[in-house]
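Notes follow the structure.
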Amino acid sequence: MEEAQGTIRSLIKRRVQATTTCFAFAPPQTTTTSSRNPSGGGDPGFAVRLTCRVTMYIRAGHGQTVRSYRGGAGAEASCLAVPDDEDGVRDALRGMLRSVRALQDLGLTDGEWESIVPEDVVPKLADPQERARHGAAEVDLAVVQHVRFDPATVLMTGCKKIGDEEEEGGVDDVECSVCFDALLRGEAVELPGCAHAFHRRCISKWFRRNPTCPLCRGDVVKHLDPELQKQIAEFTEDAM
């Protein structure tokens, strides 16, 4: 499982970053009443409303980067009893972030979840003087995830190499249906599902435009690792 996840991370590059776009103290009545208390403690008179604007940028190969918005104009989460120490504030923010559906859909790792906690607002939310003067605070957060992958490289992981590079001779007098030259052992690969063979360089170039076999049009994607299939399908849908 860990090896498969490592392979996927090497094929699909992801980067996430969060920026606080607005922070303001406010009267308690400006926060929503549909709230949760992830920390289980704290001053019941001090509340925080967190609004997240989630955007994903997807780039497949050398194609154009596509922007996809998640959660509409902004997804919200609230906590009515934020603790008065910095560690408690962080825990409350973590709980609110993990309750936002638009962020859940990004499939973040534990490290990525931690990286989007807005550290710049933690001291402000724990400041005893500010808490004494105000009953609540509002935090607006912009979360951006960048995703980049090369479709051809991903599809090539499902192909099987024929022979070694040191081997000589053709592959049963078969020619490559892309370039029409004879297939040589060590330079040829078989496609999953149909076992049609092509030069590695030829099918890799083909995969830049098509995810299917040039001969039978069999879908190569459905023979990839299930988790890889899931992520590719999701990113392709977002990019449309």
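What follows draws every value from the coordinates through simple rules; no lab data is involved. Keep in mind the model is a prediction, meaning the values are calculated, not measured. Glycine also receives a Cβ, built like all others from the backbone with ideal geometry; neighbour counts cover every protein chain displayed.
A few comments on the model shown:
- Rounded to whole Hz, the Karplus (6.51, -1.76, 1.60) HN-Hα couplings of segment 115-128, x for glycine and proline: 5, 9, 5, x, 4, 5, 9, 4, x, 5, 6, 9, 5, x
- Scattering profile of segment 46-108 at q = 0.12, 0.13, 0.14 Å⁻¹ [log10 I(q)/I(0), Debye over alpha-carbon scatterers]: -0.40, -0.45, -0.50
- For segment 207-224, Karplus couplings with θ = phi - 60° (6.51, -1.76, 1.60), whole Hz, Gly/Pro x: 5, 5, 10, 9, x, 10, 6, x, 8, 9, 6, x, 6, 6, 4, 5, 9, 7
- Its residues counted as N, segment 99-214 yields a C-alpha radius of gyration over 2.2 N^0.38 Å of 1.99.
- Rg followed by Dmax, in Å, when segment 97-157 is reduced to its Cα trace: 17.8, 61
- Fully extending the segment from D219 to T7 would add 74.2 nm, taking 0.36 nm per residue of separation and subtracting the current Cα-Cα distance.
- Gained length - V66 relative to R15, 0.36 nm times residue gap less alpha-carbon distance: 16.9 nm
- Modelled FRET efficiency - R0 45 Å, V178 with C22, Cβ distances, 0.05 increments: 0.25
- Karplus-derived 3J(HN,Hα), 6.51/-1.76/1.60, for each residue of segment 180-197, Hz, glycine and proline x: 6, 8, 5, 6, 10, 4, x, 10, 10, 9, 9, 7, x, x, 9, 6, 5, 10
- Two-decimal log10 I(q)/I(0) for segment 83-131, as the Debye equation yields it once each C-alpha is a single scatterer, q = 0.15, 0.18, 0.20, 0.23 Å⁻¹: -0.42, -0.57, -0.67, -0.81
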